Ligand code: MG
């Protein structure tokens with residue numbers, strides 16, 4: 001579906017995930033530019049955001065699904081910021097795309113599990129990345145012809161455990177895994193950056209957003225988080241986007257594109273930045289990027305299995321029901337045990353591809369819960 005209307009100011013914004021890390025930084029940006037943006041709707045998890053809007057929905061409300069659908073399809077809503085963690089963002093994302101809305105997507109899980117379905121439903125330019133790496137690549141691609149692009153280079157900080165001594169992950173605590181060196185983010189994505197699964201998920205996300213094959217997407221370690229990602233072109237040139245590690249920059253750009261808003265973050269003082277290190281990814285120590293690549297290559301429901309198994313394993317770790325060292329083996333085991341033909345699609349989903357993805361998601365969650373000895377009734 002095409003984007004129905006030209007930009008109009010102030011832009012009506014619906015925030016899915018209003019009290020999380022991305023949502024509260026988005027509200028910061030919105031409040032600084034009141035002539036540009038107004039909040040139409042808010043969906044939040046645990047507590048209600050402290051402000052009024054046409055729609056205010058708590059995820060636990062019994063009619064939350066229907067009200068969110070109403071919010072994201074409302075004629076007053078121009079753009080939906082998708083920033084609720086995890087697979088539950090898929091349904092409202094599809095509803096907003098079908099209604100011809102622009103989307104700023106921070107929830108990479110949506111593109112990982114259902115990238116093909118989502119991109120097919122999105123009109124040209126309807127989806128704007130919020131993930132800092134993808135925002136960087138997006139910016140590097142402006143004005144470039146697709147055939148000029150040789151490869152995408154995703155930078156990774158390496159997360160809180162990059163310099164962790166030894167290779168034994170069994171002693172890693174929740175506190176250690178949550179101590180990110182440069183970014184302040186929600187707990188799920190912070191654990192994902194400790195395992196580096198975040199970079200695996202981002203590779204699949206980049207593959208869908210920019211339409212490049214997986215073997216032309218590379219990961220390099222860059223601990224300072226100043227270079228947010230790069231694009232290499234066929235002539236040998238490369239472009240990078242550099243700025244302070246502050247999510248308000250990619251958020252503001254996703255809201256205001258094609259305009260750049262003044263003073264969103266302080267300009268980088270390059271003379272004071274110091275050393276910028278780039279080093280190869282240690283694939284033996286951090287096998288998650290290869291695991292993600294394998295799932296994406298197998299296609300079908302496999303990326304959804306990867307994503308759902310990871311979500312369940314990370315949740316169990318954060319709730320101290322299992323160890324940090326269990327996360328990747330649980331994902332591995334879910335991928336190995338997956339039999340697409342045996343996964344039961346949920347009732348009432350007409351689109352076969354989407355039904356298969358949701359079946360894969362449900363299988364992986366059940367598989368991990370069984371492994372953890374916590375089969376839910
Ligand atoms: Mg990122």
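The values are calculated or read from the model by the stated rules, or taken from the named source; none is laboratory data. What you see is a predicted model, and the numbers here were worked out from it, not measured in a lab. So basically every Cβ, Gly included, is an ideal-geometry build from the backbone, and we count neighbours across all protein chains shown.
Just to be sure before I move on: is residue 334 touching a residue at least 12 places away in the same chain (Cβ under 8 Å) and within 19 Å of the chain's Cα centre (by Cα) in the structure I sent?
Details: touching a residue at least 12 places away in the same chain (Cβ under 8 Å): yes; within 19 Å of the chain's Cα centre (by Cα): no.
So residue 334 does not fit the description; no.
Restricting the search to segment 87-111, which residues are within 16 Å of the ligand (Cβ to nearest atom) and part of a loop (DSSP other than H, G, I, E, B)?
106, 107
Residues in segment 301-316: is at least one over 30 Å from residue 244 (Cα atoms), out of contact with any helix residue (DSSP H, G or I) (no Cβ under 6 Å at 6 or more places or on another chain) and surrounded by 14 or more Cβ atoms within 10 Å (Cβ to Cβ)?
Yes, the conditions are met somewhere in segment 301-316.
Under 7 Å between Cβ atoms, at least 6 apart or on separate chains: pull out the pairs that start in segment 213-230 with a residue that is on the phi > 0 side of the Ramachandran plot and end on any residue that is modelled with pLDDT under 95 and surrounded by fewer than 19 Cβ atoms within 10 Å (Cβ to Cβ).
From segment 213-230, the pairs are 225/182; 225/183; 225/245.
Hey, does segment 186-198 have a residue that's surrounded by fewer than 21 Cβ atoms within 10 Å (Cβ to Cβ) and either over 19 Å from residue 331 (Cα atoms) or more than 14 Å from the ligand (Cβ to nearest atom) (or both)?
So the first thing to find is which residues in segment 186-198 are surrounded by fewer than 21 Cβ atoms within 10 Å (Cβ to Cβ), and the list is 186-188.
Now drop any that are not either over 19 Å from residue 331 (Cα atoms) or more than 14 Å from the ligand (Cβ to nearest atom) (or both), which leaves 186-187.
Yes: segment 186-198 contains one or more residues that are surrounded by fewer than 21 Cβ atoms within 10 Å (Cβ to Cβ) and either over 19 Å from residue 331 (Cα atoms) or more than 14 Å from the ligand (Cβ to nearest atom) (or both).
Report yes if some residue within segment 177-185 is at pLDDT below 95, part of a helix (DSSP H, G or I) and away from the ligand (no atom under 16 Å from the Cβ); otherwise report no. First the steps, then the outcome.
Looking only at segment 177-185, we keep the residues that are at pLDDT below 95, and these are 177-185.
Retained after the next criterion (residues that are part of a helix (DSSP H, G or I)): 177.
With the extra rule that they be away from the ligand (no atom under 16 Å from the Cβ), the set shrinks to 177.
Checked segment 177-185: at least one residue is at pLDDT below 95, part of a helix (DSSP H, G or I) and away from the ligand (no atom under 16 Å from the Cβ).
Tell me yes or no: at least one residue of segment 112-125 is surrounded by fewer than 24 Cβ atoms within 10 Å (Cβ to Cβ), assigned by TED's automatic domain parsing to the domain that holds residue 301, away from the ligand (no atom under 16 Å from the Cβ) and in contact (Cβ under 8 Å) with a residue 24 or more places away in the chain.
The answer is no, given that none of the residues of segment 112-125 is surrounded by fewer than 24 Cβ atoms within 10 Å (Cβ to Cβ), assigned by TED's automatic domain parsing to the domain that holds residue 301, away from the ligand (no atom under 16 Å from the Cβ) and in contact (Cβ under 8 Å) with a residue 24 or more places away in the chain.
Can you pull out every residue in segment 219-239 that is buried (at least 18 other Cβ atoms within 10 Å of the Cβ) and away from the ligand (no atom under 15 Å from the Cβ)?
Of everything in segment 219-239, those that are buried (at least 18 other Cβ atoms within 10 Å of the Cβ) and away from the ligand (no atom under 15 Å from the Cβ) turn out to be 231, 232.
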